[in-house]
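Enquirer: There's a structure below that I have some questions on.
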Amino acid sequence: MFPASDRGFSRRDTALFVGCMVLALTALFAPERITGSLANALRQTVLAPLVWLQGEAELGRSSRARLRSLLAERDSAAYAAQVLPSLTAENERLRALLGLGHRMRNPYVAAEVLHQAQVTDARMLLLNVGSASGVSAFDPIVAPEGLIGVIWNASRNTSVAMTWAHPEFRVSAFTANGSAFGIVAAAPNATGSAAYLEFRGVPYRDSVVPGTVVLSSGLGGVYPKGIPIGTVVNVIREEAGWARVYRVRPAANPGSTAHVLVLTGRRVASVAEAFPSDTVEPAPRRDSVPAEPRRPAVAPKPSDSTSVPKPKPKRPPGDSARARPTAPAAAPAPPPKPAPAPKPAPSPPDSTP
Amino acid sequence: MTGPRTGRLHLGIVFVTLVLLHFYVRPRLFDTRLAPDFLLFGLVVFAMRSGPGAGALAGLLVGLATDSLSPGRFGAATLADVVVGYAAAWGRAVFFADNVLVNAGFVAVGLWVRDLILLVASGTPQGQLLAELGLYSPLQAIITAAAGALVLLAFRQWFAVRLDL
């Protein structure tokens, strides 16, 4: 048996307590470079079995949902594969006619979030991928719903992520209609389900209506352009009469996210195409596409073979709306080709839809 | 009657079980924010049965592991767990530590105090601090205490806990 101890306090106990307190305070106030290295070393050695164990548990918990998702994706892919060759050929022809390059794709690494039973869990996350998978510091982290955060540091097999709920998180952002730019940061006094973001520094003359989607602007070089951050709810306050601060409902919840994508490698300018258009309004997606020249007010004649109707964005068949970003990025992303210069379309007879 | 070696063996088995519960079972079953903290439960139970110095040392180890795995402000959980480990051993001198409800109460209070120190040391803003300490921490403390009581009842022979109120 191991009953409750009846031993009294001794000088040795006090010395141990004081020693432990000194060590704890040293860890608390030590430079982050040292503590980060220490934490990485512990995760890779002593705590490696625990990290592996928790990773397996997270994997097991989500395996059923993932199986359903995979089956849906497989069905959608099988359906799409029936018409894929003709669609691809048609797509290439239309792109050549419009002078657009290939879609830009960003390589990514899928990661499991290893949640801990801590009150600070949603602010900093532990991911089960590290530098061995190509993850490095300042890599953006996204969920299917939108932006989660950024990699804070990465060890070999794990990495630490700072989410938007962290007080030091900042991302340059703009509204979906391009009317306002600003900085999005976590609200200082919000917590739990009431956690929200603040869209700061919006000029007073630029009013943003509630419901407007806020996207990352790409300024700063950390976050690619076009990642959904959240939706404007209302005005919180005005700063010195020259700028407004808006309340933004976050698009993704780091506290309940089990799987994330870490955008690795060379950053592309925009990832707007990677997010399904049904999660945000369709209009913002188009701002990542080069502007089309203004069309003449007079409708072209039917006999004009060079006129090309504007292609409508097609929804993928079945329930693959969420699966769409994963399908093209499953293969290693090819380097984006430079956009071919627009030239007078030769327009073979079958290229005009 | 069992000797000290057997007691240590029993304690080791229980702690291995707690580690498995914490890292393998908890992620599968519970919502993250309100999931029972089996590591803190193990720390409190160990401290109550080992003395203040060993409790503080165990708190240091558990805190370092927690800080490494839940990256907030490194050192905050270490400081909190050292204080909780020491205080749990100190508190058992005041209460009847072989009662299962007293053990559960220690765990609940210990978790709330741990969260208090952790949030303050992490520099949490005041509004968030109040919400965490007023809502989420008490809920998690109750859940952890209930889960801990079940574990103690399952191993009541080994821990010599009493069931009377």
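Enquirer: Quick one: B:Met48 ticks every box in (1) touching an Asp or Glu at 6+ places or on another chain (Cβ under 6 Å); (2) facing another protein chain (nearest Cβ under 9 Å) bar one, so which box is it?
Expert: Every listed condition holds for B:Met48 apart from (1).
Enquirer: Continuing with this model, one more query. Need the failing condition index for A:Gly55 against (1) surrounded by fewer than 20 Cβ atoms within 10 Å (Cβ to Cβ); (2) in a helix (DSSP H, G or I); (3) more than 7 Å from every other protein chain (Cβ to nearest Cβ), just the number.
Expert: Status for A:Gly55: all satisfied but (1).
Enquirer: Among (1) at the interface with chain A (Cβ under 9 Å from one of its Cβ atoms); (2) over 17 Å from B:Leu39 (Cα atoms), which single condition is B:Ala80 missing?
Expert: (2)
Enquirer: Tell me, please, whether a residue that is free of Cβ contacts under 8 Å to residues at least 40 places away in the same chain and more than 8 Å from every other protein chain (Cβ to nearest Cβ) can be found in the stretch B:150-164. Reasoning before the result, please.
Expert: Filtering the stretch B:150-164 down to residues free of Cβ contacts under 8 Å to residues at least 40 places away in the same chain leaves B:150, B:154, B:157.
After this cut, where a residue has to be more than 8 Å from every other protein chain (Cβ to nearest Cβ) as well, the list is B:150, B:154.
Yes - at least one qualifying residue is present in the stretch B:150-164.
Enquirer: Additional query: Residues to consider are A:Glu239, A:Glu168; find the one that is surrounded by fewer than 21 Cβ atoms within 10 Å (Cβ to Cβ), under 30 Å from A:Ala48 (Cα atoms) and among the charged types (D, E, K, R).
Expert: Exactly one residue qualifies, and that residue is A:Glu168.
Enquirer: Name every residue in the stretch A:202-219 that is surrounded by fewer than 16 Cβ atoms within 10 Å (Cβ to Cβ) and more than 16 Å from the chain's Cα centre (by Cα), in order of residue number.
Expert: If we filter the stretch A:202-219 for residues that are surrounded by fewer than 16 Cβ atoms within 10 Å (Cβ to Cβ), which is where we start, we get A:203-207, A:209-211, A:219.
Correct list: A:Pro203, A:Tyr204, A:Arg205, A:Asp206, A:Ser207, A:Val209, A:Pro210, A:Gly211.
Enquirer: Can you pull out the helices (runs of 4 or more DSSP H) entirely within the stretch B:3-56 that have at least 1 residues that are β-branched (Val, Ile, Thr)? Outline the logic, then answer.
Expert: Working: elements: B:4-20, B:26-29, B:38-50.
Of the helices (runs of 4 or more DSSP H) lying wholly inside the stretch B:3-56, those with at least 1 residues that are β-branched (Val, Ile, Thr) span B:4-20, B:38-50.
Enquirer: Restricting to the stretch A:120-134, name every residue that is at pLDDT below 80 and under 21 Å from B:Val25 (Cβ atoms).
Expert: A:Asp121
Enquirer: Restricting attention to the stretch B:112-149, which residues are free of Cβ contacts under 8 Å to residues at least 40 places away in the same chain, of a type in the set (Val, Ile, Thr) and buried (at least 17 other Cβ atoms within 10 Å of the Cβ)?
Expert: Residues satisfying the conditions are B:Val113, B:Thr124, B:Ile142.
Enquirer: On the basis of being out of contact with any strand residue (DSSP E or B) (no Cβ under 9 Å at 6 or more places or on another chain) and at pLDDT 90 or above, does B:Leu139 make the cut?
Expert: Yes.
Enquirer: Would you call B:Ala65 at the interface with another protein chain (Cβ under 8 Å from one of its Cβ atoms), surrounded by fewer than 24 Cβ atoms within 10 Å (Cβ to Cβ) and assigned to a helix (DSSP H, G or I)?
Expert: Yes; evaluated as a whole, the condition is true for this residue.
Enquirer: Right, something else. I'm checking my understanding of the structure. Among residues of the stretch B:17-35 that are touching a residue at least 24 places away in the same chain (Cβ under 8 Å) and within 7 Å of another protein chain (Cβ to nearest Cβ), which one is nearest to B:Ala108 (Cα to Cα)?
Expert: B:Ala35
Enquirer: Based on what the data block shows, is A:Arg205 out of contact with any helix residue (DSSP H, G or I) (no Cβ under 9 Å at 6 or more places or on another chain), over 27 Å from B:Tyr24 (Cα atoms) and free of Cβ contacts under 8 Å to residues at least 12 places away in the same chain?
Expert: yes
Enquirer: Which one of A:Phe174, A:Phe199, A:Phe181 is over 16 Å from the mean Cα position of the chain (by Cα), surrounded by 24 or more Cβ atoms within 10 Å (Cβ to Cβ), farther than 23 Å from A:Glu112 by Cβ and without any contact (Cβ under 8 Å) to a residue 60 or more places away in the chain?
Expert: Residue meeting the stated conditions: A:Phe199.
Enquirer: Also: Among the candidates A:Ala4, A:Ala27, A:Ala15, which residue alone is surrounded by 15 or more Cβ atoms within 10 Å (Cβ to Cβ), at pLDDT 85 or above, under 20 Å from B:Gly55 (Cβ atoms) and within 14 Å of chain B (Cβ to nearest Cβ)? Step through it out loud before you land on a result.
Expert: Values: A:Ala4 fails: at pLDDT 85 or above; A:Ala15 fails: surrounded by 15 or more Cβ atoms within 10 Å (Cβ to Cβ).
Going through A:Ala4, A:Ala27, A:Ala15 in turn, just one is surrounded by 15 or more Cβ atoms within 10 Å (Cβ to Cβ), at pLDDT 85 or above, under 20 Å from B:Gly55 (Cβ atoms) and within 14 Å of chain B (Cβ to nearest Cβ): A:Ala27.
Enquirer: Another question, then. Does A:Ala41 satisfy being at pLDDT 80 or above, aliphatic (A, V, I, L, M) and farther than 13 Å from B:Val25 by Cα?
Expert: Yes, satisfied.
The values are calculated or read from the model by the stated rules, or taken from the named source; none is laboratory data. Everything numeric here is computed off the predicted structure, so don't read it as measured data. We place every Cβ from the backbone using ideal geometry, glycine too, and count neighbours over all the protein chains shown.
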